[in-house]
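The values are calculated or read from the model by the stated rules, or taken from the named source; none is laboratory data. Computed from a prediction, not measured in an experiment: that's the story for all the values here. Every residue, glycine among them, receives a Cβ derived from its backbone with ideal geometry; neighbour counts consider all protein chains shown. The accessibility values were calculated without ligands, DNA or RNA, using every heavy atom of the protein model including side chains. Shrake-Rupley method; radii C 1.70, N 1.55, O 1.52, S 1.80 Å.
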Amino acid sequence: MDDGNDAGLDTYQPVDERLSPPKSFVEQANVADGAIYADFDENWPDAWERAADLLDWDEDYDQVLTERDGGYRWFDGGQLNACVNCVDRHLPERKNQRALVWEGQLGERRSYTYLELYREVNEFAAALRGLGVGEGDLVTMYMPMIPELPIAMLACARIGAPHNVVFAGFSADALGTRMDAADSEYLITCDGYYRRGDAVTLKNKADTASASVDAPVTTVLVDRLDGYDPTLGAREHSYSSLLADHGTERVSPVERAATDDLFRIYTSGTTGEPKAVTHTTGGYLSYTAWTSHAVLDIKPEDTYWCSADIGWITGHSYIVYGPLALGTTTVLYEGAPDHPEKNRLWEIVERQAVDVFYTAPTAIRAFMKWGSEYPDKHDLSSLRLLGTVGEPINPRAWKWYYEHIGNESCPIVDTWWQTETGGIMVSTLPAVRDMKPGAAGPPLPGISARVVDGNGSEVDAGEGGYLVVDQQWPGMPQELCEGDAWAATASENAPSPAGVEWAYLTEDGALMDDDGYITILGRVDDVINVSGHRFGTMELESAIVDIDGIAEAAVVTGTDDAHGKALYAYVSSEDDRENTEELRQAVIDAVEETVGPIARPKAVVFTPDLPKTQSGKIMRRLLEDIANDEELGDLSALRNPEVVGEIESAVRSD
Ligand code: PRX
């Protein structure tokens, strides 16, 4: 095991408390029969038909799972269109039901019925065609949380053009890198958005990014900001003018193979480069529809709200594709949870009578800190189910959520998954299994996961190890379907379990209790998770060491009162440089430029040298312990123990 990568594997204190779902929930749940686990075991992989059956297929698939040339194909032979599944097919029964409900930062409200969504998606699909977008062309989107974002995604899906959504908080550099990596010549963006009432421009960043990419870029610009009318260049088009030009047009949906790409999304990996993850049309859509149905218990008549941003995978799967495939009403919220007041989210839950609410532990910890008087002011009795995603939730925050938001009558699903998995993999089925605060739950029916040690042997119940998924699932990305190296027979970090032919290495540490419940301990690779956002330490560190005067850098996570966790950058400067305020600012600027303000370090700690092992590896675990104000363990493996005291005092005085 790497010195730096096993942090936290042995430090978990289990909480052995169980709570059952209320009878009223069980009685109405989409999946309430526990026999589903055995059914999937006995009929795997054919039991996955259940997921495919939630969709409309133009052409039936030949087989549920096909293994060919070392790769895997889900629903091979099947043909479908994702936009038809999320929009058109709902028209006969619910054309006047709201599909999207949008709450803007300035208090604006807009909604689209399924019919209105159908019209605008068609008009925009026609406009994209008119701009030359063809089947298979990758279209980048760099947009805030406005309805035009899911509309653009669905328009792309309609014409078989995979989208590549880049989070609007990312910098121009990060956008340019992702457009170049994707060879994307089309960009849909926005003049800007509002954050805490202030206008934030986006067009300038989009322009900088477009200028940096190799190919000429055709851009569509949505007008969101009042009183800002930038002059458009030759390759720039206004979204509203395009819609006006293509009003009333309808576009026949392009039949896509189940195995065709639906979209690409870049996430953080262990190298300095963003990691491309590509999801398929049939497998991914079946999987998000199925998990929305079975885990989030979404029904067409619900108003459902996932407070994530569509720029991340959570928003793709559980704001757009899963909920719309099921024909529900999905809420989109632009803006901050505490603006104009800290009761903002609860006010929306009450006004929209939200049935299912899905958020991140970092948000729950903030709610807890603000106090229960904010939710207490509102009638939250419409809520039926609560969910969390993105990072481990500590039992105290879990209980606060359960009591103050769910009034002890809503089950909570703690859902573990990743950009790569496409959808939820580990969670209780809310009507079937008891909840254990702090533990995500067992793998879903049909999902097989184990916890193994450094040699690939299964560890004992309750012991920390590496989480591996040792059976394919419909939401697996194209890169894994094609036999990519993320599935391995052996790797230094997380080996494949002994006797198992194929395993997906999740790069998460976990432990499994004797009842099969999994507790996630956090990443074991060089990816770090802060406030539910995923960063590659390599990407951040290479931005820092590019600064003139910086010799070395290590970025780790440490405690932060407001957010639970924050980034700490430890840097050593070149000998001839003083540790000036200027250099500290340069570190912050470099991170903001390369990734964006979301990756801004809480602390930049200068040190004469970084702590290293005898073999010269930076000892990240030690840096993390210092940032967490924890007792430091054995330092005998260090080549330079003398730097530790200096680093500690630099952190304390910061
Ligand atoms: O470490 C795990 C953590 O988030 C990582 C995946 O991040 P990303 O690809 O950005 O996707 C986030 C949304 C699915 C995982 O490797 N993670 C996700 N869900 C949980 C979690 N950690 C603990 N508990 C969870 N429920």
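One table, with the values for the structure above:
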| read-out | value |
| --- | --- |
| Subset of the range 409-425 that is more than 8 Å from the ligand (Cβ to nearest atom) and over 12 Å from the mean Cα position of the chain (by Cα) - its residue that is farthest from Pro395 (Cα to Cα) | Met425 |
| Residue in the range 275-288 that is away from the ligand (no atom under 13 Å from the Cβ) and part of a loop (DSSP other than H, G, I, E, B) present | yes |
| Whichever residue in the range 541-556 is hydrophobic (A, V, I, L, M, F, W, C) and without any contact (Cβ under 8 Å) to a residue 60 or more places away in the chain and, among such residues, is surrounded by the most Cβ atoms within 10 Å (Cβ to Cβ) | Val555 |
| Some residue of the range 105-125 being touching a Ser or Thr at 6+ places or on another chain (Cβ under 8 Å) and among the aliphatic types (A, V, I, L, M) | no |
| Verdict on Thr428 being part of a loop (DSSP other than H, G, I, E, B), within 12 Å of the ligand (Cβ to nearest atom), open to solvent by 10 Å² or more (accessible area, probe 1.4 Å) and at pLDDT 95 or above | no |
| Pairs, first closer than 22 Å to Asp561 by Cβ and touching a residue at least 24 places away in the same chain (Cβ under 8 Å) in the range 615-632, second of a type in the set (Lys, Arg) and open to solvent by less than 30 Å² (accessible area, probe 1.4 Å), C-beta under 9 Å, six or more apart | none |
| Given (1) away from the ligand (no atom under 16 Å from the Cβ); (2) open to solvent by less than 10 Å² (accessible area, probe 1.4 Å), number of the condition Gly462 does not satisfy | (2) |
| Positions within the range 334-347 being surrounded by fewer than 22 Cβ atoms within 10 Å (Cβ to Cβ) and outside any loop (DSSP other than H, G, I, E, B), in sequence order | Arg344, Glu347 |
| Residue in the range 245-253 that is aliphatic (A, V, I, L, M) and assigned to a loop (DSSP other than H, G, I, E, B) present | yes |
| Selection from the range 353-375 of residues that are in contact (Cβ under 8 Å) with a residue 60 or more places away in the chain and surrounded by fewer than 20 Cβ atoms within 10 Å (Cβ to Cβ) | Ala366, Lys369 |
| For Val295: the one exception among (1) of a type outside the set (S, T, N, Q); (2) under 15 Å from the mean Cα position of the chain (by Cα); (3) within 13 Å of the ligand (Cβ to nearest atom) | (2) |
| Exclusive hit being in contact (Cβ under 8 Å) with a residue 12 or more places away in the chain and either within 16 Å of the ligand (Cβ to nearest atom) or within 27 Å of Thr519 (Cβ to Cβ) (or both), set Gly406, Gly327 | Gly406 |
| Check on Thr594, hydroxyl-bearing (Ser, Thr, Tyr) and within 13 Å of Val556 (Cβ to Cβ) | no |
| Members of the range 36-92 found to be in contact with a Cys (Cβ under 6 Å, 6 or more places away or on another chain) and surrounded by 17 or more Cβ atoms within 10 Å (Cβ to Cβ), listed by number | Tyr72 |
| Selection from the range 529-575 of residues that are β-branched (Val, Ile, Thr), part of a strand (DSSP E or B) and more than 25 Å from Asn394 (Cβ to Cβ) | Ile550, Val571 |
| Residue satisfying all of: in the range 381-414; modelled with pLDDT of 95 or more and on the phi > 0 side of the Ramachandran plot; surrounded by the most Cβ atoms within 10 Å (Cβ to Cβ) among these | Asn407 |
| Selected residue (criterion: surrounded by the most Cβ atoms within 10 Å (Cβ to Cβ)) from residues of the range 265-274 that are among the polar types (S, T, N, Q) and within 13 Å of the ligand (Cβ to nearest atom) | Ser268 |
| Residue count, the range 229-250 (criterion: touching a residue at least 40 places away in the same chain (Cβ under 8 Å) and out of contact with any Leu (no Cβ under 9 Å at 6 or more places or on another chain)) | 7 |
| Conditions (1) in contact with a helix residue (DSSP H, G or I) (Cβ under 8 Å, 6 or more places away or on another chain); (2) more than 17 Å from Lys275 (Cα to Cα): number failed by Ile520 | (1) |
| All positions within the range 214-228 that are part of a loop (DSSP other than H, G, I, E, B) and either open to solvent by less than 80 Å² (accessible area, probe 1.4 Å) or outside the structural domain of Pro144 (by TED's automatic domain parsing) (or both) | Ala215, Pro216, Val217, Arg224, Leu225, Tyr228 |
| Some residue of the range 367-376 being touching a strand residue (DSSP E or B) at 6+ places or on another chain (Cβ under 8 Å), of a type in the set (D, E, K, R) and part of a helix (DSSP H, G or I) | no |
| Qualifying positions in the range 298-319 - touching a helix residue (DSSP H, G or I) at 6+ places or on another chain (Cβ under 8 Å), more than 14 Å from the ligand (Cβ to nearest atom) and open to solvent by less than 10 Å² (accessible area, probe 1.4 Å) | Ile298, Tyr304, Trp305 |
| Residues of the range 342-394 that turn out to be farther than 19 Å from Trp102 by Cβ and more than 16 Å from the ligand (Cβ to nearest atom), as a count | 20 |
